[in-house]
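What follows is one structure encoded as structure tokens, with my remarks underneath.
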2 protein chains.
Amino acid sequence: MAVLDEKTLADPVALTRALCDIESVSGDEDAISDAIEKALTGLDHLTVERDGNVVFARTDLGRPRRVMLAGHTDTVPLNDNFPTRTEGDIMWGCGTSDMKSGTALALHFAATLTDPRHDLSFAFYDCEEIEAERNGLNRVAKTRPEWLAADFALLLEPTYAGVEAGCQGTMRADVRTTGTRAHAARSWLGSNAVHSAAEVLNRLARYEARKVTIDGCDYREGLNAMFINGGVAGNVVPDECVVQVNFRFAPDRDEAAAEAHVREVFAGLDVTIADSAPGARPGLDEPAAKEFIAAVGRPPTGKLGWTDVARFAALGIPAVNYGPGDPNLAHKQDERVEIPLIRECAEVLRRYLTAEEGA
Amino acid sequence: MAVLDEKTLADPVALTRALCDIESVSGDEDAISDAIEKALTGLDHLTVERDGNVVFARTDLGRPRRVMLAGHTDTVPLNDNFPTRTEGDIMWGCGTSDMKSGTALALHFAATLTDPRHDLSFAFYDCEEIEAERNGLNRVAKTRPEWLAADFALLLEPTYAGVEAGCQGTMRADVRTTGTRAHAARSWLGSNAVHSAAEVLNRLARYEARKVTIDGCDYREGLNAMFINGGVAGNVVPDECVVQVNFRFAPDRDEAAAEAHVREVFAGLDVTIADSAPGARPGLDEPAAKEFIAAVGRPPTGKLGWTDVARFAALGIPAVNYGPGDPNLAHKQDERVEIPLIRECAEVLRRYLTAEEGA
């Protein structure tokens, strides 16, 4: 079993490397969860619990506020980028950006910060990179919502050391055109559903996406075809064509408003909402969030992708993404992290988690 | 082995039923070819040869003209419509329309017409319902072109007892749009190839197909999307979309002219010609063709689908389709033939093949 010793736990860079060198592709997080559980168990300032491959730890120091730090432990499949290697200031390897450099920061502070300014909760969870039903945070949000209770949550996802607040919602809709089959040699006897899809694509091509600013964060929406498929056989006029549309919507729309908008865009066409996930407002008026923004010292930006921040938002907990990784390198073969950013984020978090109230 | 006795060979309706009741899905024509070869071998007025599952027979009576009668022996896969059954004037079953009722007529005259007005050639061939490379007629047209030599050819494909002359050409072209991938949450960083396909579909939807009359036969062209496919993943702006287009063109265009037209319609777009087959002009000015049209007593119509008629046209032999089946029932579960049309076609053919020259 991999051992995270005291010296490693004390150094976020060494700890990042150690976590990355424990293979943990989604669904295979036993070893990394065991190592994290063992690293935290027995520390006087923490209560540690485990549920499947979610490791949860908390302080109970009677502070007026509680802050959650959370990170997932899984990675996308290895791609000839395991184990890590370091060249100068760069650490290369699967998980370095998304998100073991962030998870290492949470684990570092869990293990070493015995007297934080706020009470702290830590969640290390599995299966974030795959379908939502298997996501460990999603699971415990339903079965152990008390674990997630906090005044403010920090998800240490890659943000390149900036604060990304809230997140956009996402909705998948199928826009279907229908027609009548006919032999291609007598096509006028049929009605070509693929030709009818011109109208769907024209509306998409003409669509002007909205930009909106919420709590000082800019969100830019998008309405895009992800797939188009139609066709029966090489000599048959097709009677169905489906355009799968993805709508990314700013968090001032809820799912119902997003659906109404999609239906308005495609008015007169056959629209089926396949699934959706709500966005999350930035929630930066919460004092613990404001203090964190101040500690970072840079204005927050809106998170455009969907992240687990929305799971906290659904529980009424303001949450932001903040981590040293570069989101543009996530899931790539040449995934890497800049070591100075790990140290910068560690410094910001230390300042935030230890400063005097109001300092 | 199935035996086609003298009594069956003398009755085109009984012979249709006997041929239909020999299972012969494409690729499985040994039994039916054996039965046909055996039925014709030993007849004084015929020379019989065989090449794979193509059975060829000919008279050599020194007549000034030679007429070919041809029929394929295979069917599409059975679909709970085997063996045949008869209800009143209708014979139901796989192959009844396409085209064993026609093939039976050719076999009937091969076996029984000992003193025809023209010299006759007969070809019974396999694998017409599948890819062209396996088509028996296609094969012998290359390896034994002398078998196909004739002044006029009758393909006994289903035409509902009318004459369908010539055939349209067919061309498959891929029209491709490209773009740039991006994460769906940051779609403006990419360029959506599916949205760009709107232009392809708009041109198809606006396209006005030409109608043209050649030798008194009307041909109606068609330009249609058969398939459209685009998409990478549910969260990725797609960078490619392909519309597979089928162009059915009248036989006054050759393949080069058809390609030029397709490229003109999609000018400015990325067009790849995937494959094509030329059409065939009706060729009804040939005397043996004119006499046949007169024997049928109804004006010919243009054949809109592609058929093996084009193989004869490629050899400079005028050819028409003429058979008792209903082309709209071909390949259907409820395939059937009207028995009186088998008798009507037999009567027309007998008149044509036995009448005095100029009668």
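Out of the range B:289-300, which residues are outside any loop (DSSP other than H, G, I, E, B) and crowded, with 19+ Cβ neighbours inside 10 Å?
Once the filter is applied, which keeps residues that are outside any loop (DSSP other than H, G, I, E, B) and crowded, with 19+ Cβ neighbours inside 10 Å, the range B:289-300 yields B:Ala289, B:Glu291, B:Phe292, B:Ile293, B:Val296.
To keep it simple, each residue is scored yes or no on (1) on the phi > 0 side of the Ramachandran plot; (2) in contact (Cβ under 8 Å) with a residue 60 or more places away in the chain.
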residue	(1), (2)
A:Asp5	no, no
A:Asn53	no, yes
A:Met68	no, yes
A:Gly88	yes, no
A:Gly95	yes, yes
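Considering only the range B:324-339, I want to know if a residue exists there that is more than 19 Å from the chain's Cα centre (by Cα), assigned by TED's automatic domain parsing to the domain that holds B:Asp21 and of a type in the set (Lys, Arg).
no
If you go through the range A:171-180 one residue at a time, how many are within 11 Å of chain B (Cβ to nearest Cβ) and among the basic types (Lys, Arg)?
Counting residues in the range A:171-180 that are within 11 Å of chain B (Cβ to nearest Cβ) and among the basic types (Lys, Arg) gives 1.
Checking the conditions here, which among B:Ala256, B:Ala289, B:Ala294, B:Ala280 is at pLDDT 95 or above and either away from every other protein chain (no Cβ under 13 Å) or closer than 30 Å to A:Arg172 by Cα (or both)?
Criteria check complete, one pass: B:Ala256.
Pick from A:Val265, A:Val243: which is closer than 30 Å to B:Thr170 by Cβ and within 14 Å of another protein chain (Cβ to nearest Cβ)?
None of the others qualify; the one that does is A:Val243.
Taking the criterion of being closer than 25 Å to A:Asp334 by Cα and among the acidic types (Asp, Glu), would at least one residue in the range A:49-72 satisfy it?
So far as the range A:49-72 goes, no, none of its residues is closer than 25 Å to A:Asp334 by Cα and among the acidic types (Asp, Glu).
Residues are listed down the side, and each one gets a yes or a no for (1) loosely packed, with under 15 Cβ neighbours inside 10 Å; (2) outside any loop (DSSP other than H, G, I, E, B); (3) charged (D, E, K, R):
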position	(1), (2), (3)
B:Lys38	no, yes, yes
B:Leu43	no, no, no
B:Val48	no, yes, no
B:Met68	no, yes, no
B:Asn81	no, no, no
B:Gly102	no, yes, no
B:His108	no, yes, no
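Would you be able to tell me the number of residues in the range B:144-170 that are assigned to a strand (DSSP E or B) and away from chain A (no Cβ under 13 Å)?
Count: 5.
Being in a helix (DSSP H, G or I) and surrounded by fewer than 20 Cβ atoms within 10 Å (Cβ to Cβ) is the filter here, so list the residues in the range B:244-261 that pass it.
Listed by number, the residues that qualify are B:Glu255, B:Ala256, B:Ala257, B:Glu259, B:Ala260, B:His261.
So A:Ser191 fits all but one of (1) away from chain B (no Cβ under 13 Å); (2) modelled with pLDDT of 95 or more; (3) over 19 Å from the mean Cα position of the chain (by Cα); what number is the exception?
(1)
Touching a Leu at 6+ places or on another chain (Cβ under 7 Å), among the aliphatic types (A, V, I, L, M) and surrounded by fewer than 21 Cβ atoms within 10 Å (Cβ to Cβ): which single residue out of B:Ala132, B:Ala161 fits that description? Step through it out loud before you land on a result.
Values: B:Ala132 fails: touching a Leu at 6+ places or on another chain (Cβ under 7 Å).
Just a single option satisfies the conditions, and that option is B:Ala161.
Test of understanding: among A:Arg343, A:Arg336, which residue is on the phi < 0 side of the Ramachandran plot, in contact with a strand residue (DSSP E or B) (Cβ under 9 Å, 6 or more places away or on another chain), at pLDDT 90 or above and more than 14 Å from every other protein chain (Cβ to nearest Cβ)?
A:Arg336
Is it fair to say A:Glu133 is part of a helix (DSSP H, G or I), within 23 Å of A:Leu349 (Cβ to Cβ) and either acidic (Asp, Glu) or not assigned by TED's automatic domain parsing to the domain that holds A:Val348 (or both)?
No: the conditions fail for A:Glu133.
Given the conditions (1) hydrophobic (A, V, I, L, M, F, W, C); (2) more than 10 Å from chain B (Cβ to nearest Cβ); (3) under 27 Å from A:Asn321 (Cα atoms); (4) part of a strand (DSSP E or B), and given that A:Val271 satisfies all but one, which numbered condition is not satisfied?
Going through (1) hydrophobic (A, V, I, L, M, F, W, C); (2) more than 10 Å from chain B (Cβ to nearest Cβ); (3) under 27 Å from A:Asn321 (Cα atoms); (4) part of a strand (DSSP E or B) one by one, A:Val271 breaks only (3).
When residues of the range B:320-359 are filtered for being over 29 Å from A:Arg181 (Cα atoms) and polar (S, T, N, Q), how many remain?
1
Residues are listed down the side, and each one gets a yes or a no for (1) touching a helix residue (DSSP H, G or I) at 6+ places or on another chain (Cβ under 7 Å); (2) within 14 Å of chain B (Cβ to nearest Cβ):
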{"residue": "A:Met99", "(1), (2)": "no, no"}
{"residue": "A:Phe109", "(1), (2)": "yes, no"}
{"residue": "A:Pro116", "(1), (2)": "yes, no"}
{"residue": "A:Ile130", "(1), (2)": "no, yes"}
{"residue": "A:Arg139", "(1), (2)": "no, no"}
{"residue": "A:Lys142", "(1), (2)": "no, no"}
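Which residue pairs have Cβ atoms closer than 6 Å, lie 6 or more positions apart in sequence or on different chains, and pair a first residue in the range B:210-237 that is closer than 14 Å to A:His183 by Cα with a second residue that is in a loop (DSSP other than H, G, I, E, B)?
Sorted first by the residue in the range B:210-237, then by its partner, the pairs are B:Glu221/B:Ala209; B:Glu221/B:Arg210; B:Glu221/B:Ala250; B:Gly222/B:Ala209; B:Leu223/B:Tyr207; B:Asn224/A:Asn192; B:Met226/A:Gly234.
Could you please find all residues in the range A:312-341 being over 30 Å from A:Ile214 (Cβ atoms) and part of a helix (DSSP H, G or I)?
Listed by number, the residues that qualify are A:Ile339, A:Pro340.
Please find, among A:Thr112, A:Thr103, A:Thr159, the residue that is within 28 Å of A:Thr8 (Cβ to Cβ), in the same structural domain as A:Ile342 (by TED's automatic domain parsing) and out of contact with any strand residue (DSSP E or B) (no Cβ under 8 Å at 6 or more places or on another chain).
A:Thr112
Tally the residues that are under 20 Å from A:Gly268 (Cβ atoms) and either in contact (Cβ under 8 Å) with a residue 40 or more places away in the chain or not assigned by TED's automatic domain parsing to the domain that holds A:Arg253 (or both), restricting the search to the range A:189-209.
Count: 12.
Does B:Val309 satisfy the criteria of being buried (at least 21 other Cβ atoms within 10 Å of the Cβ), of a type outside the set (Ser, Thr, Tyr) and either under 18 Å from B:Ala104 (Cα atoms) or in the same structural domain as B:Val262 (by TED's automatic domain parsing) (or both)?
Values: buried (at least 21 other Cβ atoms within 10 Å of the Cβ): yes; of a type outside the set (Ser, Thr, Tyr): yes; either under 18 Å from B:Ala104 (Cα atoms) or in the same structural domain as B:Val262 (by TED's automatic domain parsing) (or both): no.
Here the answer is no, as B:Val309 does not meet what is asked.
Within the range A:207-235, how many residues are facing another protein chain (nearest Cβ under 7 Å), closer than 30 Å to B:Asn224 by Cα and not in a loop (DSSP other than H, G, I, E, B)?
Going through the range A:207-235 one residue at a time, the tally reaches 8.
The values are calculated or read from the model by the stated rules, or taken from the named source; none is laboratory data. Values in this document were obtained by computation on a predicted structure and should not be read as measured data. In this analysis, Cβ positions are derived from the backbone assuming ideal geometry, glycine residues included, and neighbour counts consider all displayed protein chains.
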